[in-house]
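Structure first, commentary second.
The values are calculated or read from the model by the stated rules, or taken from the named source; none is laboratory data. As the structure is a prediction and not an experimental result, all values here were calculated from the model. Note: ideal-geometry Cβ built from the backbone for every residue, glycine included; neighbour counts use all protein chains shown.
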Amino acid sequence: MSRTKQDVRRRFRSAVFSRDGYSCRVCGFASTPDRAEADLDAHHITDRHEMPSGGYVAENGIALCAACHLNAEAHHRGEPVPPGFAPAELYALIGSSERAAREAAGAG
Ligand SMILES: [Zn+2]
């Protein structure tokens, strides 16, 4: 991974964790700024490969604990998505939408 991509990824994670209060937005599991990198994932709601520039924008990211991240990834694996983990439901939790995410990613 190039230096630039590392920076983009780090900024994405930092922005998502900060906005979401260092907590899992689905189950409420609470982490801390020091522990967030280990405790949480910055999930891409719309898959990286389907978004302009990889979709590394806060509008496409949501902080999830490991268990909730597995549930959310079911969508990207093409498997049945547990209730509450569909992309539209995740976007609603962060006050975003696929359209807002695409606009932000395209502009960035
Ligand atoms: Zn969770």
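A compact table of results
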| read-out | value |
| --- | --- |
| Residues within segment 29-88 that are small (Gly, Ala, Ser) and closer than 26 Å to Glu103 by Cα, tallied | 13 |
| Pairs with Cβ under 8 Å, 6+ apart, first in segment 85-108 and of a type in the set (Lys, Arg), second surrounded by 13 or more Cβ atoms within 10 Å (Cβ to Cβ) and modelled with pLDDT of 95 or more | Arg102/Thr46 |
| Selection count, segment 1-20, where residues are in contact (Cβ under 8 Å) with a residue 40 or more places away in the chain and either hydroxyl-bearing (Ser, Thr, Tyr) or within 13 Å of the ligand (Cβ to nearest atom) (or both) | 1 |
| Helices (runs of 4 or more DSSP H) contained entirely in segment 58-108, each with at least 2 residues that are over 18 Å from Cys27 (Cβ atoms) and at pLDDT below 95 | 98-107 |
| Selection within segment 53-69 - surrounded by 15 or more Cβ atoms within 10 Å (Cβ to Cβ) and either among the hydroxyl-bearing types (Ser, Thr, Tyr) or on the phi < 0 side of the Ramachandran plot (or both) | Tyr56, Val57, Ala58, Glu59, Asn60, Gly61, Ile62, Ala63, Leu64, Cys65, Cys68, His69 |
